[in-house]
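A quick write-up on the structure given underneath.
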Amino acid sequence: MGITEVKHTRKMSLMKLAIFIVSIMFVITSIMCIIISAYKGLYLLKPEKKSINNSPSEYGLNYQDIEILSEDGKTTLSGWVLEPIERPKMNIIFSHGYGENRLEEGMPFLSLANELLEKGYRVIAFDFRHSGNSEGDMTSLGVKEKMDLLGVINWTTKQYEEPIGLLGASMGAATSLLAAAESKDVIAVVADSPFSDLHDYLREI
């Protein structure tokens, strides 16, 4: 074998080695991306549950603890019914945001509920699945939460004769819009900062 042939053989061997290394690096990078995406997805679907560390009694509000079955027929939701002093003129169902619970401390909810009660509204607040004291092993950012809210709407319709309005924040706002579109019992919706694009919302959280 001549010198030229030897050089050519070495060159080909080096090229094959380089291609092999690049292929291995591509596979490793792809696997890492999948692992990171899976971890991020799991983190988003299973945020740490915030405990209920406050009570309407601290505001002197009249309330009762309730448990309601989600429309999925298997997830028990925990919540409160807060009653005004006078006969209520409407039921307001409150839906909290992602990673929060019925207290929604960013508002804060209890202060808002107090104002609504003074104006004669009955307030129903609950924890979505995998939030607060409710059952469920993960959140779905509105998909299954819609069934939770529909369950609360149906429960409210059976318990009380007054009309129903929805008040939601962030994920709860988007969920309120979804549920209202499927329920003939909802006559009004107040949606505080709903997301219109789930992909953009996920990038923010």
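Please give the net charge around Asp65, taking every other residue with its beta carbon less than 12 angstrom from that of Asp65, where Lys and Arg add +1 and Asp and Glu add -1. Numbers along the way, then the final one.
On the way: positive: Arg102; negative: Glu67, Asp127.
Here the count lands on -1.
Starting from the 7 Å offset along Cα-to-Cβ, what nm value, one decimal, do you get for the label separation of Ser55 and Glu118?
Going from the Ser55 label point to the Glu118 one covers 2.3 nm.
What does the net charge come to around Asn91 if you take all other residues with beta carbon closer than 11 Å to its beta carbon, with K and R at +1 and D and E at -1? Could you put the intermediate results ahead of the total?
Details: positive: Lys89, Arg122; negative: Glu83, Glu161, Glu162, Asp185.
Charge balance near Asn91 sits at -2.
Quick one: length gained pulling Leu69 to Arg87 fully straight, 0.36 nm per residue minus the C-alpha distance? Kindly include the intermediate steps, with their values, before the conclusion.
Values: separation 18, 0.36 × 18 = 6.48 nm, distance 2.63 nm.
Gain on stretching Leu69 to Arg87: 3.9 nm.
Using the structure shown, list the pairs from Lys49/Lys74; Lys144/Lys184; Lys50/Lys119; Lys49/Lys144; Lys46/Lys144; Lys74/Lys146 with a Cα-Cα distance above 21 Å, or answer none.
Values: Lys49/Lys74 19 Å; Lys144/Lys184 19 Å; Lys50/Lys119 29 Å; Lys49/Lys144 17 Å; Lys46/Lys144 14 Å; Lys74/Lys146 14 Å.
Beyond 21 Å between Cα atoms: Lys50/Lys119.
Per residue, how much accessible area does segment 62-144 show when a 1.4 Å probe rolls over the protein heavy atoms, in square angstrom? Can you show the working numbers first?
On the way: 3610 Å² over 83 residues.
I get 44 Å² per residue for this part.
What's the local net charge at Leu82, with K and R +1, D and E -1, over the other residues with C-beta under 13 Å away? Numbers along the way, then the final one.
Working: positive: Arg102, Lys119, Arg122; negative: Glu58, Asp65, Glu83, Glu115, Glu118.
Local charge sum for Leu82: -2.
The values are calculated or read from the model by the stated rules, or taken from the named source; none is laboratory data. Note that the structure is a prediction, hence the values are computed from the model and not measured. Backbone-built Cβ (ideal geometry, glycine too); neighbour counts: all protein chains shown. We work out accessible area using only protein heavy atoms, side chains counted, and drop any ligands, DNA or RNA first. Shrake-Rupley method; radii C 1.70, N 1.55, O 1.52, S 1.80 Å.
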